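The values are calculated or read from the model by the stated rules, or taken from the named source; none is laboratory data. Just so it is clear, the structure is predicted and the values come from calculations on it, not from any experiment. Cβ coordinates were reconstructed from backbone atoms using ideal geometry, including for glycine residues, and neighbour counts include every protein chain displayed.
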Amino acid sequence: MNRRSELVAIRVATLEGGALFASPDGRHWIQDRELAGGLAPTSVGHLRAVIRKAIAVRLLSKMGAAAPSANVHPFFRTDTEVVNTRKGKTKRATVYYLNEDAALVVLSQLGTAKAAMATGRVIRAFLALTHPELFAPDVESLRRRIGELERAIGVQREIRRALRVLAARKVNGWTDPTNVN
């Protein structure tokens, strides 16, 4: 059975158009490609090598005691995809889906400034799913801002109205008596 087909993409605003994935058991995952997206010039291939190394040295395994199955571990899932090589051929590649803990461990292994910024992005994305109230807009501040905008629009309407009246008077030959020129 294809593990990818069990995952459902969830759009998360904090990922700037990216997506997390939800499994039927309610857990959330981020794809390695999505994680690498904010790490330029780090490539997906390099990130996958870091993930494989973290798995090999049991860095991800030490985070939990649950026994992994073939493609699903408590902290990561794997799938395969067909990718085009630079030589125009295709090959199968392992795709990793990491939970929040695993994603943060992998980012810490990179040790770059972009990885540090991506860490905040990942935390916000997972928080947006688990605690949406943290990212809900403050209703009262939105009402105040709407009021400010409505007043500004009202002022613009008054200015336009006054300019139309002045233009009409000028067309009709009216001169301003306060203008002493």
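Among the residues making up segment 75-98, those that are closer than 30 Å to GLY26 by Cβ and either hydroxyl-bearing (Ser, Thr, Tyr) or buried (at least 22 other Cβ atoms within 10 Å of the Cβ) (or both) are PHE75, PHE76, ARG77, THR78, THR80, THR94, TYR96, TYR97, LEU98.
For ARG11, indicate whether it is farther than 16 Å from ALA103 by Cα and either at pLDDT 85 or above or in the same structural domain as THR130 (by TED's automatic domain parsing) (or both).
Against the criterion (farther than 16 Å from ALA103 by Cα and either at pLDDT 85 or above or in the same structural domain as THR130 (by TED's automatic domain parsing) (or both)), ARG11 qualifies.
The residues listed here are ALA167, ALA116, ALA125; of these, the one that is within 24 Å of the chain's Cα centre (by Cα), small (Gly, Ala, Ser) and more than 23 Å from ALA9 (Cβ to Cβ) is ALA116.
Please enumerate the residues belonging to segment 119-169 that are in contact with a helix residue (DSSP H, G or I) (Cβ under 6 Å, 6 or more places away or on another chain) and of a type in the set (Lys, Arg). If the condition is that a residue be in contact with a helix residue (DSSP H, G or I) (Cβ under 6 Å, 6 or more places away or on another chain) and of a type in the set (Lys, Arg), then ARG124 is the only one that fits.
Every residue in segment 49-63 that is small (Gly, Ala, Ser) and either within 13 Å of ASP101 (Cα to Cα) or modelled with pLDDT under 55 (or both), please. Matches in segment 49-63: ALA54, SER61. Just one of the listed residues (ALA103, ALA125, ALA66) is within 17 Å of ARG27 (Cβ to Cβ) and at pLDDT 85 or above, namely ALA103.
Whether a residue is at negative phi, basic (Lys, Arg) and in contact (Cβ under 8 Å) with a residue 60 or more places away in the chain was assessed, and LYS114 passes this test.
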